[in-house]
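J.: Quick one: this structure, given as structure tokens, is what I'll be asking you about.
The numbers here are math on the coordinates, done by the rules we state, and not lab data. Since the structure is predicted, the reported quantities are computational estimates derived from the model, not experimental observations. Glycine gets a Cβ as well: all are built from the backbone with ideal geometry, and neighbour counts include every protein chain shown.
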Amino acid sequence: MELFIFVAFLAVEAVLVSGQLVTNTSGDSGELCGKYHHCLTNSTCLRTKGDYSCVCPAPMKGNAKLGCVLDDSATVFVQADPHLKNLYNQFVSVSTPCRYRVMEFFTTETHLARIYLDNYLYHGGVYYTNIIEARIAVLDESSTGEDNRKWLSVLIEGDTTSEGHYQFKEWRKTNSSDWMTPSEQTQFMADGSEVITEYDHVNNLAIIEVAAIGLRMWFRPVDKFALERNPECVPQVPGVVMTVDKGKSASTQFSAVDLSSTPGGPDLRQFATGLGMSINMYAIFLTLYSSPLDEIDSHCPACDKANIEFKRLCSATDMSKSINVCGHLYHNQTFLACIAKQNLNETFLPHIFNDCLYATCGNSKTDCQALKAHIKRVGCKEPEPLQQLDCGVLGDGVTVMRKGAAPVVYKEVHDHKTFDHM
């Protein structure tokens, strides 16, 4: 395990490339446990009645193939494709090709932390996290507004360059800088608290640690080459672990409107039922609803647009109706496998999702027809709720009131979406 120190830029495994720190790892992790998977190096493989399982060392708990944490910590696991286990010990599948906020918390009114994950659609139509970002603000009496908070952000992108060979790219930024190479300028927060990144070369993990708020994160991307060779045989389990230790979690206030929930709830399934959604559709709803517009900082303009238009175009009733239709574009396994096979995932999915939003919330026949035409053109079968969407009963689009602005109406111009003043 190599602690990242900012003066050690010339280490063999870490090199600077165009404004980013690149770290390559290719460890074998711990012992093989069963046919396919490896435990972490600090974990043990147990065999019970023919079943193999990796076990964390006492007094730790967790996924011993990905991350072991103290038993009394507040922890969120994102495992495999990606199944999220939140602070309320509830499992939910997060089906989105876009960035989403998974967690937000305050610590003793001195710090605010927000954690973001980006998904990517891989072979077989399954999502894996490929980018993590920790965004931490120091709070004081002068930082009451969002723009006045003193932020430090760390972003790590993970990938594989060949089977068993992992690559991590790291950037950092502050209020006064764009994304840049990690440096002494971006090592400390405004109050002097240090934000450390560490790379485990044996277990192929990127680690972010902020001791001042008790936050520690582990991240391992999927080995896409092993995945394509055999989806059942990815030796090192991909995913993310986010934990706040007990000493800090007792004085930590978690957001109740994020996928992470809080240790005391709420129960996401109850909210989903109340809105007439399945829990997996509700997860897609939260990825769009919980992130304020001023937090959007994605590499995907179509994803950003979906976040904006969902809030602006859809009424409370429309939101549920729309997600129960459009959400299946992000969730239906057969449809996603077809899309991934054609390498259309990165921009195509959010683009047709936007078409679906305009059809369902905007009452736009034109966009409904465009949505169905796009899917037909690529030769994929529409998910069943899309098959039931009748473009013929829709109109020409609805008038949308922007707060503090003149009425606007949606129009389509040469297949590009615009809002034109009436």
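J.: Quick one: Asp304, Asp72, fewest Cβ neighbours within 10 Å first, how do they rank?
T.: Asp72, Asp304
J.: May I pose another question? So, in nm, how far is label Thr347 from label Thr334 when the simple model puts each one 7 Å beyond its Cα toward the Cβ?
T.: In this crude spin-label approximation the distance works out to 2.9 nm.
J.: Please arrange Tyr127, Tyr120 by counting, for each residue, the other beta carbons lying within 10 Å of its beta carbon, fewest first.
T.: Least crowded to most crowded, the residues run Tyr120, Tyr127.
J.: May I ask you to compute the full-extension gain from Gln253 to Thr41, defined as 0.36 nm times their residue separation minus their alpha-carbon distance, rounded to one decimal in nm?
T.: So the extension gain works out to 73.0 nm.
J.: Still on this structure, please answer the following. Report the Cα centroid-to-centroid distance between region 360-386 and region 169-196 in angstrom, as an integer.
T.: For region 360-386 versus region 169-196, the Cα centre distance is 43 Å.
J.: I've got another one for you. Of Asp178, Asp318, Asp367, which has the largest mean-square fluctuation in a 10 Å C-alpha GNM of the chain?
T.: Asp178
J.: Cβ under 15 Å from Val234's Cβ, Val234 left aside: what net charge do those residues give with Lys, Arg +1 and Asp, Glu -1?
T.: So the environment of Val234 carries a net charge of -2.
J.: Using Cβ counts within 10 Å as a stand-in for footprinting exposure, how do Phe188, Phe219, Phe271 rank, fewest first?
T.: Arranged by neighbour count, lowest to highest, Phe188, Phe219, Phe271 become Phe188, Phe271, Phe219.
J.: For every helix of n ≥ 4 consecutive DSSP H residues, a contribution of -39,500 (n - 2.57) applies; sum these over the chain, divide by its total residues, and give [θ] at 222 nm rounded to the nearest 500 deg cm²/dmol.
T.: -7000 deg cm²/dmol
J.: What spacing in nm lies between the two simple spin-label points modelled at Ser176 and Ala211, each 7 Å away from Cα in the Cβ direction?
T.: The modelled label-to-label distance comes out at 2.6 nm.
J.: Sticking with this structure for a sec: Can you compute the FRET efficiency between Leu70 and Glu31 using 1/(1 + (r/R0)^6), with r the Cβ-Cβ distance and R0 = 25 Å? Round to the nearest 0.05.
T.: The computed FRET efficiency comes out at 0.65.
J.: Additional query: Can you give the extra length, in nm with one decimal, that the chain gains between Cys233 and Lys321 once fully stretched, where that is 0.36 nm per residue apart less the Cα-Cα distance? Don't jump to the answer; show the numbers that get you there.
T.: Numbers: separation 88, 0.36 × 88 = 31.68 nm, distance 3.83 nm.
Taking Cys233 through Lys321 to full extension adds about 27.8 nm, to one decimal.
J.: Report the residue, chosen from Gly265, Gly50, Gly362, that carries the largest GNM mean-square fluctuation when the chain is represented by alpha-carbon nodes joined by springs under 10 Å.
T.: Taking springs between Cα atoms under 10 Å, the residue moving most is Gly50.
J.: How high is the relative contact order of the chain? Use alpha-carbon pairs under 8 Å, at least six apart in sequence, and give a whole percent.
T.: Here the relative contact order equals 16 percent.
J.: Taking 0.36 nm per intervening residue step and subtracting the Cα-Cα distance, what contour gain separates His165 from Ser193 on full extension?
T.: Extra length available between His165 and Ser193 comes to 6.8 nm.
J.: Taking springs between alpha-carbon atoms closer than 10 angstrom, which of Thr347, Thr197, Thr25 fluctuates most in the Gaussian network model of the chain?
T.: Largest GNM mean-square fluctuation: Thr347.
J.: Quick one: grab Rg to one decimal and Dmax as a whole number for the chain, Cα atoms only, in Å.
T.: Looking at the chain, its Cα Rg and Dmax stand at 22.1, 71 Å.
J.: Continuing with the same structure: How charged is the neighbourhood of Ala80? Take every other residue with its Cβ under 12 Å from the Cβ of Ala80, and add Lys/Arg as +1 and Asp/Glu as -1. The partial results should precede the final answer.
T.: On the way: positive: Lys65, Lys85, Arg220; negative: Asp81, Glu232.
Net of charged neighbours comes to +1.
J.: Which entries of Lys35/Lys85; Lys321/Lys381; Lys85/Lys246; Lys311/Lys341; Lys85/Lys341; Lys61/Lys248 show an alpha-carbon separation above 23 angstrom in the structure shown?
T.: Over 23 Å apart, Cα to Cα: Lys35/Lys85; Lys311/Lys341; Lys85/Lys341.
J.: Calculate one ³J(HN,Hα) per residue across region 132-137 by plugging θ = phi - 60° into the Karplus curve 6.51 cos²θ - 1.76 cosθ + 1.60, and present them in order as whole Hz with x for glycine and proline.
T.: 10, 9, 10, 10, 10, 10
J.: Oh, and also: What does the net charge come to around Met281 if you take all other residues with beta carbon closer than 15 Å to its beta carbon, with K and R at +1 and D and E at -1? Numbers along the way, then the final one.
T.: Values: positive: Arg269, Lys321; negative: Asp318, Glu384.
Net of charged neighbours comes to 0.
J.: Placing +1 at every Lys and Arg Cβ and -1 at every Asp and Glu Cβ, with all other atoms neutral, what dipole size does the chain have around its Cα centre, in debye to the nearest 20?
T.: So the magnitude is around 1040 debye.
J.: Another question, then. Please give the FRET efficiency for Thr48 paired with Phe91, using the beta carbon to beta carbon distance and R0 = 25 Å, rounded to the nearest 0.05.
T.: It comes to 0.65.
J.: No partner Cβ under 4.7 angstrom, meaning no disulfide-compatible partner by this rule: which Cys of the chain qualify?
T.: Flagged as lacking a Cys partner: Cys233.
J.: Using the beta-carbon distance between Lys246 and Arg312 and R0 = 35 Å, what value does 1/(1 + (r/R0)^6) give for FRET efficiency, to the nearest 0.05? If you can, show how the numbers build up before the last one.
T.: Numbers: r = 41 Å, r/R0 = 1.17.
The pair Lys246/Arg312 has a calculated efficiency of 0.30.
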